[in-house]
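Here's the structure, in structure tokens; my notes come after.
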Amino acid sequence: SNKKNKIFPSYEFMEFIWDKKKYLKKLQKNNIPISPTIFITDKVVVSKLIQQIQKYKWKEFIIKPIGGTTSYGLGKFNLSESIEDLSKIKEYFNENNEYYSEYLVQELIKGFGIYGEIKSFWINGDFSYAVNIFDNGNDEDYRVEEIIDKEVVQQITKIGEKVIKVLPKISFNKKKSLPVMVRIDFTCCQKNKKFSPSNYFVNEIESDIAGTYINFPNVKYPMLEVLSDAYVKKSKSLLISK
């Protein structure tokens, strides 16, 4: 965060990407599809949280810490059980409040297990390639697949272009730009609607340190060569003064 240090991507950009609350609100403000989200702090009153969830008519929901990574701190709950016994949610916060101070609450989307999660990669603001990840919490079931449905690719590209436009630009050497690579993750289906390319939504945004999945044999995209070239060109363009 020291302004004297020449870091790229900048601390400010990385802080935005690491804070899911910040970028989800930014996407929502710009009418980019996300899953409806309740933002809470560690001081939340559980009974009031249940009332909020009831208004959304969610039968099942998740609580995830802001600042957590992968599935650390992820809690899954059933609304009927929560009404009868709030102790499960209270126990969740007792276990996690030591490490986190803010959380997000969302409807449990069944499409993660059925349709997977699409990881799309954007190099210098342009769509590069995408893979579909199926992860049911079991290493034996974990798989990476190529996306065959052209309509799905068209839809995530359309949404992704809007995301790229609203991301904060990085100031470096009196120039403004994006990181070399940004990963945008998509899932179907918003509000657990039936499958349709139009029901995909943005689940997460990651920086250029995100996994690329090129270690899987069925991923043929030459990411190493493409990124090597892109990083060199980006470095030269940023270092040359206007």
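The values are calculated or read from the model by the stated rules, or taken from the named source; none is laboratory data. Because the structure is a prediction, the values reported are computed rather than measured. Neighbour counts run over all protein chains shown; Cβ positions are idealised from the backbone, glycine included. Areas reflect the complete protein model, heavy atoms only, side chains present, ligands, DNA and RNA absent. Shrake-Rupley method; radii C 1.70, N 1.55, O 1.52, S 1.80 Å.
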Magnitude of the charge dipole, the chain, Cβ model with Lys/Arg +1 and Asp/Glu -1, debye to 20
1620
At a 1.4 Å probe, what is the % contribution of carbon and sulfur to the accessible area of the range 139-242?
54
Between ILE170 and residues 5 or more places away or on another chain, the pairs with built amide H atoms under 5 Å apart involve SER177, LEU178
What is the chain's relative contact order, in percent, from Cα pairs under 8 angstrom and six or more apart in sequence?
21
Within the range 47-123, which GluC sites (Glu not before Pro) sit in a loop by DSSP and count at most 12 neighbouring Cβ atoms inside 10 Å?
GLU98
q = 0.11, 0.22 Å⁻¹, the range 1-138: log10 I(q)/I(0) [Debye, one scatterer per Cα]:
-0.51, -1.52
Starting from the Cα of LYS174, draw a straight line to each of the lysines and keep only those under 23 Å, dropping any in the same chain fewer than 8 residues away.
LYS3, LYS4, LYS6, LYS165, LYS233, LYS234, LYS236, LYS242
Kindly state, to the nearest 0.05, the FRET efficiency for ASP126 paired with GLU102, given R0 = 25 Å and r defined as their beta-carbon distance.
0.15
Explain nothing, just the number: relative contact order of the range 1-144, from Cα pairs under 8 Å at least 6 residues apart, as a whole percent.
21
Gain in span if fully extended, VAL166 to ASP135, counting 0.36 nm per residue against the direct Cα distance
8.2 nm
Per residue accessible area of the range 168-242, 1.4 Å probe, in Å²
56
Calculated FRET efficiency, ILE147 and LYS193, Cβ-Cβ r, R0 25 Å, to nearest 0.05?
0.80
Given a 1.4 Å probe, how much area per residue of the range 1-111 is accessible, in Å²?
61
In nm, the gap between the two label points placed 7 Å beyond Cα toward Cβ at LYS76 and ILE214 is 3.3
